[in-house]
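Participant: Before I ask anything, let me first share the structure, which is written out below as structure tokens.
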Amino acid sequence: MTRTEEEASVALAEPPAGKAPWALENLPPFPAVATQLIQVVAREDVNLNEIGRLICSEPVFAADVLRIANSAVYGLQSQVRSITHAIVVLGLDRVKGISITRAFGAHLKSSLKVVALQRCWRNSLAGALVAEKLARPCGIDAGLAHTAGLLRDIGRLALLVKYPDSFANMLAVSQTDGYDLMYTERELFDVDHCQAGCWLTESMGLPTEICDVAAHHHQKPAGASFGLLQLIHAADTMADALGFGVLVLPEAPDFRDTLELIPAAARSRVPEDPEELKAEITEQLQVLCKN
Ligand SMILES: [Fe+2]
């Protein structure tokens with residue numbers, strides 16, 4: 001069965017309310033530092049010291065954030081030796097993004113031994129990096145854009161951590177037979193990753209705009225206004241068009257068409273040659289995915 005209008009309409013179903021769907025029962029808990037970081041990043045009044053203290057509360061994690069901050073991809077002239085210094089030199093937004101990415105990466109570590117699932121993580125990261133890059137000209141906080149970009153598929157990441165083998169098989173079948181992924185998620189787990197993401201973000205008490213992103217990032221947002229949901233929908237589509245999709249789709253969107261999804265001011269941040277943007281994202285992915 002290939003993607004049909006009927007499947008697409010089912011894919012837009014509202015997430016279930018109330019009791020956790022069976023597939024989400026007894027999930028391995030997200031690391032405390034990741035949950036706290038998400039809560040803090042989503043607040044507008046967050047300050048440098050608060051983020052710094054949180055990152056430093058787990059020394060191994062803080063060391064990992066410093067390693068990334070000192071990588072060639074950020075091109076710093078001199079080494080940063082403390083989280084506070086990293087925030088000053090790289091900016092709070094970027095350190096927020098790096099921190100949340102690494103906190104989630106650590107949570108996924110054992111599942112990412114399965115090659116098929118690495119593609120899911122790269123897809124989440126690529127969308128987050130595109131969203132972060134485009135956020136400022138859209139008037140959106142870049143750290144929040146990165147976090148929302150990463151959390152858009154929190155439902156998928158939770159399912160693949162709990163059921164890595166089943167999820168990998170599902171990806172293989174979807175790729176071979178051309179099934180729509182949201183459709184196969186519902187067939188296998190009775191819930192797709194948007195419904196799962198909505199339930200998870202609501203149960204974590206995250207702000208409404210993050211819950212909306214997790215629930216609705218695959219829907220083309222209606223209306224003329226451009227906010228966080230519109231940005232993440234665009235970044236998700238652009239990541240697919242750049243070749244970072246979860247599946248290799250024969251009908252992947254044309255990258256130039258995806259530029260229509262973002263305001264003109266943000267288009268100036270996108271290189272004319274999509275290969276240039278792809279190389280930039282790939283370089284950042286290599287640093288962020290390194291164990
Ligand atoms: Fe998604």
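Yes or no, residue by residue, for (1) buried (at least 20 other Cβ atoms within 10 Å of the Cβ); (2) within 14 Å of the ligand (Cβ to nearest atom); (3) closer than 29 Å to A103 by Cβ; (4) among the hydroxyl-bearing types (S, T, Y):
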| residue | (1), (2), (3), (4) |
| --- | --- |
| A158 | yes, yes, yes, no |
| Y163 | no, no, yes, yes |
| N169 | no, no, yes, no |
| V173 | no, no, no, no |
| M182 | yes, yes, yes, no |
| H193 | yes, yes, yes, no |
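Participant: Can you find even one residue in the stretch 102-115 that is under 28 Å from L259 (Cα atoms) and assigned to a helix (DSSP H, G or I)? Spell out how you get there, then give the answer.
Facilitator: Going through the stretch 102-115, the residues under 28 Å from L259 (Cα atoms) turn out to be none.
No, that holds for no residue.
Participant: Inside the stretch 174-225, can you point out the residues that are without any contact (Cβ under 8 Å) to a residue 40 or more places away in the chain and hydroxyl-bearing (S, T, Y)?
Facilitator: Answer for the stretch 174-225, where residues must be without any contact (Cβ under 8 Å) to a residue 40 or more places away in the chain and hydroxyl-bearing (S, T, Y): T176, T184, T208, S225.
Participant: Name the single residue, out of those in the stretch 126-148 being within 13 Å of the ligand (Cβ to nearest atom) and within 15 Å of A34 (Cβ to Cβ), that is surrounded by the fewest Cβ atoms within 10 Å (Cβ to Cβ).
Facilitator: Taking the candidates together, the pick is A128.
Participant: Quick one: count up the residues across the stretch 133-145 that are in contact with a Gly (Cβ under 8 Å, 6 or more places away or on another chain) and either modelled with pLDDT under 90 or closer than 19 Å to G245 by Cβ (or both).
Facilitator: Total satisfying the criteria: 2.
Participant: Just wondering, is there one or more residues in the stretch 258-281 that are assigned by TED's automatic domain parsing to the domain that holds P164 and under 16 Å from the mean Cα position of the chain (by Cα)?
Facilitator: Scanning the stretch 258-281, I find at least one residue that is assigned by TED's automatic domain parsing to the domain that holds P164 and under 16 Å from the mean Cα position of the chain (by Cα), so the answer is yes.
Participant: Still on this structure: Does L242 meet the test of being touching a Pro at 6+ places or on another chain (Cβ under 8 Å) and closer than 23 Å to I154 by Cβ?
Facilitator: yes
Participant: Still on this structure: If I go through the stretch 215-245 residue by residue, how many of them are within 13 Å of the ligand (Cβ to nearest atom) and farther than 18 Å from V270 by Cα?
Facilitator: 7
Participant: Let me ask you something else. Tell me, which residue of the stretch 257-282 that is of a type in the set (S, T, N, Q) and part of a helix (DSSP H, G or I) is surrounded by the most Cβ atoms within 10 Å (Cβ to Cβ)?
Facilitator: Only one residue tops the list, namely T258.
Participant: Please state which one of A8, A23, A13 is closer than 26 Å to V173 by Cα and at pLDDT 85 or above.
Facilitator: A23
Participant: Looking at the stretch 131-138, can you tell me whether even one residue there is in the same structural domain as P271 (by TED's automatic domain parsing), closer than 16 Å to M238 by Cα and of a type in the set (K, R)?
Facilitator: Step one: filter the stretch 131-138 for residues in the same structural domain as P271 (by TED's automatic domain parsing), giving 131-138.
Among the residues that remain, those that are also closer than 16 Å to M238 by Cα are: 131-135, 138.
Next cut, of a type in the set (K, R) only: 133.
The answer is yes, given that some residue of the stretch 131-138 is in the same structural domain as P271 (by TED's automatic domain parsing), closer than 16 Å to M238 by Cα and of a type in the set (K, R).
Participant: Which of the residues that make up the stretch 113-125 are closer than 24 Å to N26 by Cα and surrounded by fewer than 20 Cβ atoms within 10 Å (Cβ to Cβ)?
Facilitator: K113, V114, A116, Q118
Participant: If you scan the stretch 185-216, which residues turn out to be polar (S, T, N, Q) and more than 18 Å from D236 (Cβ to Cβ)?
Facilitator: Selection gives S203, T208.
The values are calculated or read from the model by the stated rules, or taken from the named source; none is laboratory data. Everything quoted here is computed from the prediction, not taken from an experiment. Counting neighbours? That spans all protein chains shown, and the Cβs are built from the backbone with ideal geometry, glycine included.
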